[in-house]
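J.: A single structure is presented below for examination.
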Amino acid sequence: MSASLSPQIAVRTVDLGKTFGKGEGTVHALKGVNFEALCGELLMIVGPSGCGKTTLLSVICGTLGHDTGSVTVFGQDLAQLSSGKLTAFRGKNVGFVFQQFNLIPTWTALENVSVPLLLNGSSHSDAQSASAELLREVGIGEKLHSLPTELSGGQQQRVAIARALVHRPRLLICDEPTAALDAASGRKVLELIKARVCSPERCVIVVTHDSRIFPFADRIAEMEDGQMKAVHSAGEWKALYV
């Protein structure tokens, strides 16, 4: 394949380091992580709890700073952006499915999902129309006007996924997106993500322990002790571990 036809790099980290605490309490969460995610792919990151997966996601999406190395997203070095410009860049380009959902408790499902569109300048009516359509797609169209406390954990997770997808981000980052879902619902969510986000201009990065969704991955990256251990194609992963 010629260089001009090679996939664009959506995310690149070089010698990325992140440390928490000081002295005897110092935790080296990321230890020189070198990592690439490509446009057009769904890449999953796996590894034991505490190995740095969620920290890596937070640095990639710009909600957490890094101490050493660099991270670029669609060619933009995040460290070169001011706080305001980083917020604007993230709002336009990144969707994030948080492990703890982070829904606004006093807002309905419809209002929670509408937020990214409103922040990006959509009218209230257009935002609500698009949000209602997506909530129906994820299977909770009857819960549009329910508060998070009136929803099950699985339903809250679907609201969080819809909120991350609604503005069609170029980069979708998901932290355990199927943790609260049964097998059938998990497959439906991954099918929706594949259909809505995976394209030559977009990229999906998923942290997961859910082996049921591994078949949806184009590549699977293994983390261990704050470092990137290996990155496998789907075929290589199946040959090694299935």
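J.: Would you tally the residues in region 63-91 being surrounded by fewer than 14 Cβ atoms within 10 Å (Cβ to Cβ), in a loop (DSSP other than H, G, I, E, B) and of a type outside the set (S, T, N, Q)?
T.: 3
J.: Can you tell me which residue within region 139-157, out of those that are among the hydroxyl-bearing types (Ser, Thr, Tyr) and free of Cβ contacts under 8 Å to residues at least 40 places away in the same chain, is surrounded by the fewest Cβ atoms within 10 Å (Cβ to Cβ)?
T.: Ser152
J.: Right, next: Determine which member of the set Ala160, Ala164, Ala180 is among the small types (Gly, Ala, Ser), crowded, with 16+ Cβ neighbours inside 10 Å, in a loop (DSSP other than H, G, I, E, B) and on the phi < 0 side of the Ramachandran plot.
T.: When all the criteria are applied, what remains is Ala180.
J.: Does region 201-210 contain any residue that is over 30 Å from His28 (Cα atoms) and either of a type in the set (A, V, I, L, M, F, W, C) or free of Cβ contacts under 8 Å to residues at least 40 places away in the same chain (or both)?
T.: Checking region 201-210: not a single residue is over 30 Å from His28 (Cα atoms) and either of a type in the set (A, V, I, L, M, F, W, C) or free of Cβ contacts under 8 Å to residues at least 40 places away in the same chain (or both).
J.: Go through region 216-242 and count every residue that is modelled with pLDDT under 90 and either loosely packed, with under 13 Cβ neighbours inside 10 Å or touching a Pro at 6+ places or on another chain (Cβ under 8 Å) (or both).
T.: 7
J.: For the structure I just gave you, tell me whether Thr54 is hydroxyl-bearing (Ser, Thr, Tyr) and within 21 Å of the chain's Cα centre (by Cα).
T.: yes
The values are calculated or read from the model by the stated rules, or taken from the named source; none is laboratory data. Computed from a predicted model, the values in this text were never measured in an experiment. Because the Cβ atoms are built from the backbone with ideal geometry, glycine has one as well, and the counts that use them run over all protein chains shown.
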